[in-house]
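> Can you read through this structure? Questions will come right after.
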Amino acid sequence: MNSKQRVHSALARRPVDRVPVFMWFHPSTAERLGRLLEIPASRVGEALGNDVAMTWVNNNYAMEGIVHEHDGEEHVDAWGIRWVKQYFFNQIATFPLQAASHAEALAYPFPHARLEELLAPMAQLADVAAAAASAAQDLFLGCDISPCVFEMYWRLRGMEQALLDMAEAPEFAATMLARCADFAVELGEAACRRYPLDWLWTGDDVASQGSMIMSPKTWRALIKPHLARTFAVGKAHGLWVAYHCCGALRPIIPDLVEMGLDVLNPVQGNCPGMDPLELKREFGPRLAFMGGVDTQDTLPSGSVDDVRRATTRLLEGMTADGGGYILAASHTIPPETPDANIFALYAVAGITREEIFDRAAAMRAMATRPTAPPAASPRAGAPG
């Protein structure tokens, strides 16, 4: 099976040749594996068998898609948010609406005029996917329009002020949350019309390791209706809809199912109410899952046998109904994870170390082949 067939079949609970995989790596983990495989760090996921090809078109591109070489380097994004690299990741240094009055915040212009610029990474990825399809290696193509509602709002306003708004000025907060969702919907609609997507990826972190950031009642009143509008974009275009929310979001999972969610990520099993196998038993007939591999204990600190046992248990439990699962970690694979544990995880999924090294060798060989002049190829200069 190619990746597109594999993921679609798994989500539809049809037989697959192996479980689909979509793994994320800490930047230093990707760099280390890249050196081992002798390929760019940006292509490590591909070499290790990722079945989903996806990029960001909303504010998460500013957080993850812009990569600085050194700590302290910074950029200001299309929203006016200033990001500074700290310990491998971009962190927000300036919230543009933190000190704004309600009137000033309501007058804030979202970057509608920069829509083409924001969609450009998706256009490049679609070209890569088209090239893969012509080689009979169809990719499962996704577009990430997160952060959709609350998380976008607090990036503009600051977390403390955003929560104060929701408690003390709910009508104002509701208007601002709606504007955040409006922009995510606009991006989603444009991407769905232009590109041959397989799923629409949404996201809105509204939970911590121990509980929801706000009460479920507040979430249902102020955020749920707008998040539902982002789900509806994918549904209207006949796509699977995936949603990312870290932490203990168990109280709102029934709401997400009611809203039409197809795939929940990342399923952090160490958080209250988030045991992957329990969630599978309760929601499996109506909801697929992506994640659940423990990146806090077993994967970085366990033995190879520990990783094999835990992964086998996870795969057997999460595919007990014949599918509905994509193998992924509950977070990025951390730098302290031994290579042997990473390869053991993949081996249980049916991807051998030899296969990984062979794929990397093929990438190197392809990279050394002469390329056609730009005029001869409409995809000249496309990444990957």
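Only the coordinates and a few stated rules stand behind these numbers; no lab work does. Because the structure is predicted, anything quoted here is derived from the model rather than measured. Note: ideal-geometry Cβ built from the backbone for every residue, glycine included; neighbour counts use all protein chains shown.
> If you go through segment 104-119, how many residues are surrounded by 14 or more Cβ atoms within 10 Å (Cβ to Cβ) and either more than 13 Å from Tyr195 (Cα to Cα) or more than 18 Å from the chain's Cα centre (by Cα) (or both)?
Residues in segment 104-119 being surrounded by 14 or more Cβ atoms within 10 Å (Cβ to Cβ) and either more than 13 Å from Tyr195 (Cα to Cα) or more than 18 Å from the chain's Cα centre (by Cα) (or both): 6 in total.
> Would a scan of segment 238-248 turn up a residue that is surrounded by 16 or more Cβ atoms within 10 Å (Cβ to Cβ), free of Cβ contacts under 8 Å to residues at least 40 places away in the same chain and of a type in the set (Gly, Ala, Ser)? Spell out the reasoning first.
Let us first name the residues in segment 238-248 that are surrounded by 16 or more Cβ atoms within 10 Å (Cβ to Cβ), namely 239-248.
Still in the list and also free of Cβ contacts under 8 Å to residues at least 40 places away in the same chain: none.
No.
> For Asn90, state whether it is part of a strand (DSSP E or B), surrounded by 15 or more Cβ atoms within 10 Å (Cβ to Cβ) and not acidic (Asp, Glu).
Working: part of a strand (DSSP E or B): yes; surrounded by 15 or more Cβ atoms within 10 Å (Cβ to Cβ): yes; not acidic (Asp, Glu): yes.
When the stated conditions are applied, Asn90 passes them.
> Further, regarding this structure: How many of the residues in segment 9-43 are buried (at least 18 other Cβ atoms within 10 Å of the Cβ) and assigned to a helix (DSSP H, G or I)?
10
> While we're looking at this one, here's another question. Determine whether Ala181 is of a type in the set (A, V, I, L, M, F, W, C) and more than 22 Å from the chain's Cα centre (by Cα).
no
> Residues being under 23 Å from Pro27 (Cα atoms) and outside any helix (DSSP H, G or I): count how many of those fall in segment 304-348.
13
> On to the next question. For segment 330-340, indicate whether the set of residues that are over 23 Å from the mean Cα position of the chain (by Cα) and closer than 26 Å to Ala12 by Cβ is non-empty.
The answer is no, given that none of the residues of segment 330-340 is over 23 Å from the mean Cα position of the chain (by Cα) and closer than 26 Å to Ala12 by Cβ.
> In this structure, is Ala131 over 20 Å from the mean Cα position of the chain (by Cα) and farther than 25 Å from Leu261 by Cβ? Step through it out loud before you land on a result.
On the way: over 20 Å from the mean Cα position of the chain (by Cα): yes; farther than 25 Å from Leu261 by Cβ: yes.
The answer is yes for Ala131.
> Of the numbered conditions (1) within 29 Å of Ala93 (Cβ to Cβ); (2) part of a helix (DSSP H, G or I); (3) not hydrophobic (A, V, I, L, M, F, W, C), Asp205 satisfies every one except a single condition; which is it?
(2)
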